[in-house]
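The values are calculated or read from the model by the stated rules, or taken from the named source; none is laboratory data. Keep in mind that what you see is a predicted model, and the values were worked out from it rather than measured. Cβ atoms come from the backbone with ideal geometry, glycine included; neighbour counts cover every protein chain shown.
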Ligand SMILES: Cc1cc2nc3c(=O)[nH]c(=O)nc-3n(C[C@H](O)[C@H](O)[C@H](O)COP(=O)(O)OP(=O)(O)OC[C@H]3O[C@@H](n4cnc5c(N)ncnc54)[C@H](O)[C@@H]3O)c2cc1C
């Protein structure tokens with residue numbers, strides 16, 4: 001046993017579990033210990049909405065790596081054990097399992113504590129600090145099971161928040177025969193994923209099955225004997241209020257990072273309120289790494305920090321932390337491209353990188369791309385190196401042709417080799433078969449084709465990877 005390397009990981013979600021695995025791959029002899037306060041080892045949160053609809057049969061099917069798997073990998077996994085303190089001077093953590101206190105020294109520590117749902121200020125949401133019966137958040141298997149127990153054909157469900165997770169929940173609950181209403185405070189659905197024009201098209205299509213109220217705030221819960229029966233919503237423009245009958249409410253309005261341990265250990269917290277880490281997943285404290293939903297990292301395009309919040313990126317960060325904590329040298333690229341894909345009813349949606357409004361003032365190619373798998377045209381919408389056309393073959397292979405630009409000096413091949421530093425496999429971009437590969441060279445390229453809608457943004461790092469994650 002390599003006594004020098006004593007790697008301790010806090011949290012066994014996608015971040016902590018992956019970091020432990022990669023530490024083991026890097027050093028077969030290091031002592032690796034993972035502490036997880038919950039009941040389940042590493043599982044896919046992304047699949048939670050699909051267990052609710054039955055597409056994935058059981059919640060236990062979401063577990064990616066069992067306790068036995070960790071045992072076989074010679075990783076000590078302490079379940080239902082909460083790390084309560086980090087002493088960075090002594091390089092030791094203190095954890096609690098029931099009444100037992102566990103003290104564990106570390107040579108490297110990986111904080112992967114994740115995040116918790118953020119709950120908006122809605123009147124009567126809780127009784128004695130507990131959510132009213134029928135009101136739920138969606139983050140864990142326990143949350144999923146609770147929601148599942150309220151799903152009943154013919155009854156009414158309301159979702160607060162029209163982001164990716166809110167809409168995935170809406171679709172999957174609708175599939176179980178419930179009438180679904182979505183309330184969104186912002187003017188558009190999927191505001192962090194799509195630009196307004198694309199969002200409007202998705203809104204129109206999805207509205208065939210569910211009711212969506214954008215620009216509305218959920219104000220108050222009506223409950224009887226501690227059980228929800230309605231939610232009142234207010235139109236932000238007119239101030240008009242209306243009650244909606246509801247048997248099940250799901251709140252999906254983002255999350256807050258769990259940073260208290262990192263903060264007390266002296267780790268720098270960034271402007272977004274998340275732990276700052278570098279390209280090696282190191283925090284500002286020596287020997288302490290952090291990964292996942294508790295951290296922020298640079299956006300590849302804007303270079304501004306943004307909360308991670310995506311399993312695909314979490315895994316990359318965790319690989320860096322795992323490898324480096326075990327003595328390797330793994331660096332993330334200088335920024336991440338958030339890649340999002342989903343399927344809402346029969347509509348496939350994908351986006352990579354920031355939306356045009358978020359990419360504002362950034363010198364990147366940007367444009368709208370409308371058409372089917374035949375000939376399409378790209379209309380520059382912003383950015384200093386706009387481009388003018390794309391050509392797609394009928395087989396769905398896309399060949400970009402930058403015939404003009406606002407600067408008149410950028411051509412596709414140059415763009416890829418100089419800006420992205422890679423040559424791009426365009427022949428593999430198959431849109432006819434859905435968003436099977438995410439690719440594009442613009443900060444915002446939207447494609448609408450037949451029944452399929454997808455939005456493509458600059459993507460090189462995670463090409464094809466996220467698709468597997470999401471669908
Ligand atoms: C419904 C849903 C759908 C999603 N869909 C997608 C998707 O399609 N694609 C995608 O890329 N991402 C998706 N995500 C996001 C993705 O799941 C998360 O980014 C990822 O799971 C975060 O992993 P993590 O390890 O950072 O955090 P978590 O999974 O939250 O893990 C943190 C763990 O740390 C434990 N912990 C916290 N504090 C302590 C402590 N003090 N001691 C011990 N243990 C502690 C917690 O119990 C928890 O298990 C989805 C998320 C949700 C909720």
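Listing for the model above:
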read-out: Count - residues of the range 346-363 that are more than 16 Å from the ligand (Cβ to nearest atom) and over 22 Å from residue 309 (Cα atoms); value: 4
read-out: Counted residues, the range 283-313 - those being within 21 Å of residue 107 (Cβ to Cβ) and either modelled with pLDDT under 95 or surrounded by fewer than 20 Cβ atoms within 10 Å (Cβ to Cβ) (or both); value: 4
read-out: Test: residue 325 is modelled with pLDDT of 90 or more, more than 12 Å from the ligand (Cβ to nearest atom), surrounded by 22 or more Cβ atoms within 10 Å (Cβ to Cβ) and assigned by TED's automatic domain parsing to the domain that holds residue 18; value: yes
read-out: Answer from 92, 8 - the residue that is out of contact with any helix residue (DSSP H, G or I) (no Cβ under 7 Å at 6 or more places or on another chain), closer than 25 Å to residue 264 by Cβ, modelled with pLDDT of 95 or more and surrounded by fewer than 19 Cβ atoms within 10 Å (Cβ to Cβ); value: 92
read-out: Every residue from the range 202-214 that is part of a helix (DSSP H, G or I) and either touching a helix residue (DSSP H, G or I) at 6+ places or on another chain (Cβ under 9 Å) or farther than 16 Å from residue 163 by Cβ (or both); value: 202, 204, 205, 206
read-out: Subset of the range 45-99 (residues that are away from the ligand (no atom under 15 Å from the Cβ), assigned to a helix (DSSP H, G or I) and in contact with a strand residue (DSSP E or B) (Cβ under 8 Å, 6 or more places away or on another chain)); value: 71
read-out: Which numbered condition residue 34 misses (of (1) under 20 Å from the mean Cα position of the chain (by Cα); (2) within 9 Å of the ligand (Cβ to nearest atom)); value: (1)
read-out: Every residue from the range 160-201 that is in a strand (DSSP E or B) and free of Cβ contacts under 8 Å to residues at least 40 places away in the same chain; value: 179, 180, 182
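Conditions tested, residue by residue: (1) modelled with pLDDT under 95; (2) within 12 Å of the ligand (Cβ to nearest atom).
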| residue | (1), (2) |
| --- | --- |
| 125 | yes, no |
| 147 | no, yes |
| 150 | no, no |
| 162 | no, no |
